[in-house]
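Colleague: Questions regarding the structure given below will be posed in turn.
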Amino acid sequence: MLMIVIIFAIIAFAGVGFVFTGDVDGQAKTLKRAQTIGGVGKAEKVRRANQDVATIRRRQIVQNLKTVDRAQRKQSLNMEARLRQAGLSFSVQAFWVGSGVVGVLFALPALVFTHNALIALGLGFGCGLGLPRWTISILAQRRMKKFTEDFPNATDIIVRGIKSGLPINDCLKVIARESPEPLGSEFGRLVENISVGLTIEQALDKLYARMPTQEVRFFSIVLAIQSKTGGNLAEALNNLSTVLRARKLMGEKIKALSGEAVASAFIIGSLPPGVMILVNITAPTYMTQMFTDPRGHIMLAGGAIWMAIGTFVMRRMINFKF
C-alpha cells in the first residue's frame with residue numbers, strides 16, 4: 001500500500017508540474033499566432049502590398065488586352081480594305097466597273113458558242129463576281145506574306161534603337177526608310193499617321209486594317225500595354241521577336257509535313273475532270289449523251305456537287321492555322 005501511495009503521489013506532482021511549466025512551445029506558438037492575428041508585421045505588410053500591386057497590374061494588362069482586341073476585331077473587311085491590303089490604289093467604283101467588264105468578256109463568247117442565254121449569264125455573273133475578288137485575295141495574301149516575313153527584322157530594329165537611346169518614333173522612321181516593300185511603305189504610313197496627331201494606338205489600328213496579321217496584332221498589344229502600364233519596352237519587343245521567329249519556323253515545319261497531303265489532294269481533286277476531258281477528246285461520241293440527255297445533266301450536276309464537297313473537305317484538312 002505504501003508503494004502504491006508513493007507512485008500515485010509522484011504521478012500527481014508530475015501532473016501539477018506539467019500544467020504549470022509544461023508545453024512551453026505550445027504556449028509560444030499560441031502567443032505567436034495571436035500576435036500575427038492581432039497585428040501584422042512590417043514584412044507581412046510589404047508582401048501584401050506587393051501582391052496588391054501585382055494584382056492591379058495584372059488586371060490592367062488584361063483590360064488593355066480586351067480593349068485592343070475589341071478595337072481590332074471591329075475592323076470591317078470591306079472591298080476598300082481588301083484593295084489596300086493588295087496594295088492597289090484604284091477606287092472601289094473602278095473595281096466594280098472592271099468586274100463588269102470581265103463578266104461581259106466571258107459572257108459574250110459563251111453566248112456565241114452555246115446559244116444559251118442562261119449559260120452565258122451564269123458564266124458572266126460567276127466570272128465577273130468571283131474572278132476579280134479571287135485575284136484581289138491572292139494579291140493580298142502574297143503581300144501580307146512578304147510583310148510577315150520581314151516583320152521580325154522590324155522589331156529587332158526597334159529593340160536595338162531603344163537600347164541605344166532612340167525614341168520609338170525615330171525607330172519607326174528607320175524601318176520606313178530602310179525596309180523592303182511592303183514593310184517600308186506600311187511603316188511609312190504609320191509614321192505619317194503619328195505625325196498628323198494620331199496616337200500610336202490609333203495609328204496601329206489603321207496599320208492592322210491594312211495588314212490584318214497576327215504579328216501586327218501582337219505588336220500593337222505590346223505597345224498598348226507598355227504605354228499604359230509601363231515596363232521595359234526593349235525586353236518586351238525582344239520577346240515578341242523571338243515568338244514571331246518561332247511562329248515562322250513552326251509554319252515552315254507545318255508546310256513541310258503537310259506537303260504530301262497537299263499533293264495528294266491536288267491529284268485527287270484534278271483526276272475526275274481530267275479524265276472526263278481526255279475521254280471527251282479521244283472519244284467524243286462516248287461522252288455526247290452526258291451533255292445531251294437530261295439524265296446525263298443530273299449525273300454531271302451530282303458529280304460536280306460531290307467534287308465540290310470533297311474539295312472543300314480536303315482543303316479544310318490541309319489548311320493549318322496557327
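Colleague: Looking at this structure, is Asn238 modelled with pLDDT of 85 or more and surrounded by 14 or more Cβ atoms within 10 Å (Cβ to Cβ)? Full working, then the answer.
Modeller: Numbers: modelled with pLDDT of 85 or more: yes; surrounded by 14 or more Cβ atoms within 10 Å (Cβ to Cβ): yes.
When the stated conditions are applied, Asn238 passes them.
Colleague: Across region 168-183, what is the number of residues that are more than 16 Å from Arg142 (Cα to Cα), surrounded by fewer than 20 Cβ atoms within 10 Å (Cβ to Cβ) and not aliphatic (A, V, I, L, M)? Spell out the reasoning first.
Modeller: Within region 168-183, the first condition is being more than 16 Å from Arg142 (Cα to Cα), and the residues that meet it are 168-179.
Still in the running and surrounded by fewer than 20 Cβ atoms within 10 Å (Cβ to Cβ): 168-170, 173-174, 176-178.
From what's left, not aliphatic (A, V, I, L, M): 169-170, 173, 177-178.
Total meeting the criteria: 5.
Colleague: Residues in region 133-144: is at least one over 30 Å from Trp96 (Cα atoms) and at pLDDT 85 or above?
Modeller: Taking region 133-144 and keeping what is over 30 Å from Trp96 (Cα atoms), we get none.
Within region 133-144, none of the residues are over 30 Å from Trp96 (Cα atoms) and at pLDDT 85 or above.
Colleague: A further question on this structure: Residues to consider are Arg245, Arg315, Arg295; find the one that is within 30 Å of Val159 (Cα to Cα), basic (Lys, Arg) and part of a helix (DSSP H, G or I).
Modeller: Details: Arg315 fails: within 30 Å of Val159 (Cα to Cα); Arg295 fails: within 30 Å of Val159 (Cα to Cα).
The conditions single out Arg245.
Colleague: Could you count how many residues in region 80-95 are within 18 Å of Gly128 (Cα to Cα) and either surrounded by 14 or more Cβ atoms within 10 Å (Cβ to Cβ) or assigned by TED's automatic domain parsing to the domain that holds Leu207 (or both)? Give the steps one after another, and end with the answer.
Modeller: If we filter region 80-95 for residues that are within 18 Å of Gly128 (Cα to Cα), which is where we start, we get 80, 82-83, 90-95.
Retained after the next criterion (residues that are either surrounded by 14 or more Cβ atoms within 10 Å (Cβ to Cβ) or assigned by TED's automatic domain parsing to the domain that holds Leu207 (or both)): 82-83, 95.
So the count comes out to 3.
The values are calculated or read from the model by the stated rules, or taken from the named source; none is laboratory data. Here the structure is a predicted model, which is why all the values come from computation and not from measurement. Every residue, glycine among them, receives a Cβ derived from its backbone with ideal geometry; neighbour counts consider all protein chains shown.
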